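Reviewing the structure listed below.
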Amino acid sequence: MSEVWLLRVGILVAGLLLVAAIYFFGRPSKPGQGTRKPRESRGDARREPTFSERMEAAEAVTDGAAAPLPQADMFGEDAPGAPATAEAGRRVSEEFDKIVTLYLAARAGEKLHGPDIVVAAEKAGLVYGYMSVFHRLDEHHPERGPVFSVANIMKPGSFDMSDIQSLETPAIAFFLTLPAPVPALDAWEAMLPTAQRMAELLDGVVLDEQRNALGRQRVAHIRDELRAYDRQREAPPLSKPGRW
């Protein structure tokens, strides 16, 4: 079994888990309870895909491998009326081959509230930017795109600041798309404590990609995976055999 085949299977599994989590957290507990009716279309000729739809598209599978998508297809164009920081956190490369995900969930029977999320994100050093979600940027090279990003698990996945006072969600998602502007392990070492810090501020719990409590064993396993990922990217390409 080749390493390439194993990598493809791993990417497929990660994508399926992320889409399943979006569906699991995004569905309402009871029809009509606490839900808002979608705004009527105003005759726009083109509907921009939602954040969650773009994430599902980003995990589209072609011949068993995650298909690298153009940046515009994965993240879409800026929405009308976007803030001045709309470009902050925009990826500069359309290539990606791995996504690492964590969830910060409210405790049973509780919800995370929009204003509290904004305050916690600011205290944790995140910036509000591209696609109306939060990003951690490289302090020295913010133009290189996000180290990791934080989205709302509820569709469409963004944080609408015009309606932030009424926003409630059962969880938010931290996702690290690789390659990142820093080594994968460094990006993880930035994302994990940020999720833990925000969990303290929001009185929530950090979950792994399978929505289980994040334990030390899983953390160690992820670190090992990302060390291997960094080593693989640093390894020089195999030289072609010379002619006799």
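Remarks
- When PHE148, PHE134 are sorted by how many other C-beta atoms sit within 10 angstrom of their C-beta, beginning with the fewest, the order is PHE148, PHE134.
- Where labels lie 7 Å past Cα in the beta-carbon direction, separation of LYS123 and HIS141 in nm: 3.2
- Listing HIS135, HIS141 from fewest to most neighbouring C-beta atoms within 10 Å gives HIS141, HIS135.
- At R0 = 35 Å, FRET efficiency that the Cβ-Cβ distance of HIS221 and LYS111 yields, to 0.05: 0.70
- Descending by average beta-carbon neighbour count within 10 Å, the peptides 180-189, 109-118 line up as 180-189, 109-118, the highest first.
- Phi to ³J(HN,Hα) by Karplus 6.51 cos²θ - 1.76 cosθ + 1.60 over the stretch 101-115, Hz, x for Gly, Pro: 10, 10, 10, 10, 10, 5, 6, 3, x, 10, 9, 8, 9, x, x
- In loop segments of the stretch 162-229 as defined by DSSP, there are no trypsin sites (Lys or Arg not before Pro) with at most 13 further C-beta atoms inside 10 Å of their C-beta.
- Per-residue Karplus couplings for the stretch 163-169, computed as 6.51 cos²θ - 1.76 cosθ + 1.60 with θ equal to phi - 60°, are listed in order as 10, 5, 5, 9, 5, 9, 8 Hz, Gly and Pro entered as x.
Laboratory data are not the source of any read-out in this text; all were calculated from the coordinates shown. What you see is a predicted model; the values in this text were computed from it and never measured. As a convention, Cβ positions derive from the backbone with ideal geometry for all residues, glycine included, and neighbour counts pool all protein chains shown.
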